[in-house]
Amino acid sequence: IRRPPRSTPSNSSAASDVYKRQDIGCRWGDDIERVSKINADKKVVGIDLEIAPLRVALDRLRDVPRVYLLNARSEYLPFKQNIFDIVYSSEVIEHIEKPLRFIQEIYRVLKINGVFIITTPSRYNYVSLVGKLIPLKFRKYLRRYVYYINPGKERRVHIREYTWKELKIMFEKMGLIVERVESGVLRVPIWPLFERFPFLVFIWDVLDRFVDKLPGGIYLKSNFIVAGRKT
């Protein structure tokens, strides 16, 4: 495992042709750890803009072979073109000021027929809609139980949230073919209550499946998945 440098590495491209999987915005390495178990014979590279989570990932993945970590920006990937079999990015594009540049970079580093998988929050997920109806004075209290409720007038975390149709248009504009769009999960509202009464998890799972069957139900889910390939 390479230690993440303190700045975007300009000399890393020389060895980049050995990488087969890439995780953009890898954070603490959760997804890299899962992928490395499924594809133990493939090299995996994870990048992130922040040093702190990369250091955590480094310690976590120190004994995992064929894994590389780099400090880099997703809009300016320090790799040659046409080298990755798969590019994966979870909950990143909503934080990026230049999303088309980000998608363009995905296109550039993917091999022909290479696969991309992107997950991102749904703009109209039910938590956001409900949160907007809750008065500010109650949000701080609810934050203790529903961690994803915005407690007040804090800094904006997401630059922009999308619908799956918007992302499909953006990816296809950059030359990538979208083959599948899937809904994510329906966020559990109050974890302490569900921990106390486990049977509620089963009921929530049934509700989650029911929402999938509703027209436009994908918009109510917390996030969605867009997958396709470079042709």
- prompt: Tell me which aspartates and glutamates have Cα within less than 13 Å of LYS37's Cα, excluding those fewer than 8 residues away on the same chain?
  reply: ASP63
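Could you rank the peptides 217-224, 167-174, 86-93 by their average count of other C-beta atoms within 10 Å per residue, with the highest value first?
Numbers: 217-224: 19.8, 167-174: 16.4, 86-93: 21.4.
Those peptides, ordered most packed to least, come out 86-93, 217-224, 167-174.
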- request: Using Cα positions and a limit of under 19 Å, work out the aspartates and glutamates in reach of LYS221, with same-chain residues fewer than 8 apart set aside.
  value: GLU91, GLU94, GLU161, GLU166, GLU182, ASP205, ASP208, ASP212
query: Karplus couplings for segment 179-192 from phi (6.51 cos²θ - 1.76 cosθ + 1.60, θ = phi - 60°), rounded to Hz, Gly and Pro as x?
result: 9, 9, 10, 10, 7, x, 10, 8, 4, 6, x, 10, 4, x
query: Which parts of segment 94-129 would a label at THR231 reach, counting a residue when its backbone N lies under 13 Å from a point 7 Å out along Cα-to-Cβ?
result: 113-114
- line: Looks like segment 43-86, by Cα gyration tensor root eigenvalues a ≥ b ≥ c and the a/c under 1.5 rounded cutoff (else prolate when a/b is bigger than b/c, oblate otherwise), is oblate
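Quick check: with the 1.4 Å probe, what order do GLU182, GLU161, GLU94, GLU195 take by accessible area, largest first?
Values: GLU182 75, GLU161 45, GLU94 0, GLU195 135 Å².
The ordering from most to least exposed comes out as GLU195, GLU182, GLU161, GLU94.
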- request: For LYS98, go through the aspartates and glutamates and keep the ones whose alpha-carbon is under 12 Å away, minus same-chain ones fewer than eight residues off.
  value: GLU75
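Note down the relative contact order for segment 33-103 as a percent, whole number, built from C-alpha pairs under 8 angstrom at least six residues apart.
In percent, rounded to a whole number, it is 30.
Once a ≥ b ≥ c are taken as the square roots of the eigenvalues of the Cα gyration tensor of segment 152-231, is the result rounded (a/c under 1.5), prolate (a/b larger than b/c) or oblate (a/b not larger than b/c)? If you can, show how the numbers build up before the last one.
Details: a/c = 3.03, a/b = 1.64, b/c = 1.85.
Oblate is the answer for segment 152-231, as a/c is 1.5 or above yet b/c matches or exceeds a/b.
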- line: Simple SL model, points at 7 angstrom along Cα→Cβ for GLU179 and ARG209; separation in nm is 2.7 nm
- prompt: Once label points are set 7 Å from the Cα along Cα→Cβ at both VAL201 and LEU133, what is their separation, rounded to one decimal in nm?
  reply: 2.8 nm
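The values are calculated or read from the model by the stated rules, or taken from the named source; none is laboratory data. Predicted model only: the values in this text are computed from it and were never measured. Note: ideal-geometry Cβ built from the backbone for every residue, glycine included; neighbour counts use all protein chains shown. Ligands, DNA and RNA are excluded from the accessible area calculation, which covers all protein heavy atoms including side chains. Shrake-Rupley method; radii C 1.70, N 1.55, O 1.52, S 1.80 Å.
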